[in-house]
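Asks: Before anything else, here's the structure in question.
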Amino acid sequence: MRRLILAISAVALTATAALADPISERQAIMKSNGKALKSISAIAKGEQPFDADKVMAALKTLNEDAQKIDVEKLFPDGSQTGGDTTASPKIWDDMAGFQKAVDKFKADTASAVTASPASLDDLKVEFGKVAKNCSSCHEGFRIKKG
């Protein structure tokens, strides 16, 4: 009986550890995205001077992070409750809709890099597309904190 309990505990611990990895990985990507967006948000709002190098670095980071979002790998079934996550159960209820939102984010960040905004007006167009993806996904597929 003791061996059975130990075996079950080991399996449960292994499963919990396996689910923690995608949560940590997706959170790291989202934190990086947030940092990149924040770094150019004030520029897009006209509160800081336009800096093409800073803008491109942030857009490239956003694009690289977006391309890392593998829905199957980062949002496997069971990871909605496997740790400290604000991912909404709606992701797993509407995986096709979530995948579509991720695909749009990937396309829009790639497009922003290709557009290589050379002015504040150009940045506003590209930043608006990318930021709209973030807000719509957070509204539909994220649990609000607090």
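Computed from the coordinates by the stated procedures, all read-outs in this text should not be read as laboratory data. All values reported here derive from a predicted model rather than from experimental measurement. Positions of Cβ are generated from backbone atoms using ideal geometry, with glycine treated the same way; all protein chains shown enter the neighbour counts.
Asks: Within region 62-87, which residues are surrounded by 19 or more Cβ atoms within 10 Å (Cβ to Cβ) and polar (S, T, N, Q)?
Replies: ASN63, SER79, GLN80, THR85
Asks: Just checking, which of ALA58, ALA66, ALA52, ALA107 is in contact (Cβ under 8 Å) with a residue 40 or more places away in the chain, of a type in the set (Gly, Ala, Ser), out of contact with any Pro (no Cβ under 8 Å at 6 or more places or on another chain) and closer than 24 Å to SER39 by Cα?
Replies: Exactly one of ALA58, ALA66, ALA52, ALA107 is in contact (Cβ under 8 Å) with a residue 40 or more places away in the chain, of a type in the set (Gly, Ala, Ser), out of contact with any Pro (no Cβ under 8 Å at 6 or more places or on another chain) and closer than 24 Å to SER39 by Cα, namely ALA66.
Asks: Then there's this: Wholly within region 38-146, which helices (runs of 4 or more DSSP H) include no fewer than the required count, namely at least 3 residues that are among the hydroxyl-bearing types (Ser, Thr, Tyr)?
Replies: Numbers: elements: 52-67, 71-74, 90-93, 95-115, 120-141.
Qualifying helices (runs of 4 or more DSSP H): 95-115.
Asks: Against the condition loosely packed, with under 14 Cβ neighbours inside 10 Å and either under 16 Å from the mean Cα position of the chain (by Cα) or under 19 Å from LEU37 (Cβ atoms) (or both), how does LYS100 come out, does it pass?
Replies: So LYS100 passes the test.
Asks: Restricting to region 88-97, give me the number of residues that are surrounded by fewer than 19 Cβ atoms within 10 Å (Cβ to Cβ) and of a type in the set (A, V, I, L, M).
Replies: Going through region 88-97 one residue at a time, the tally reaches 2.
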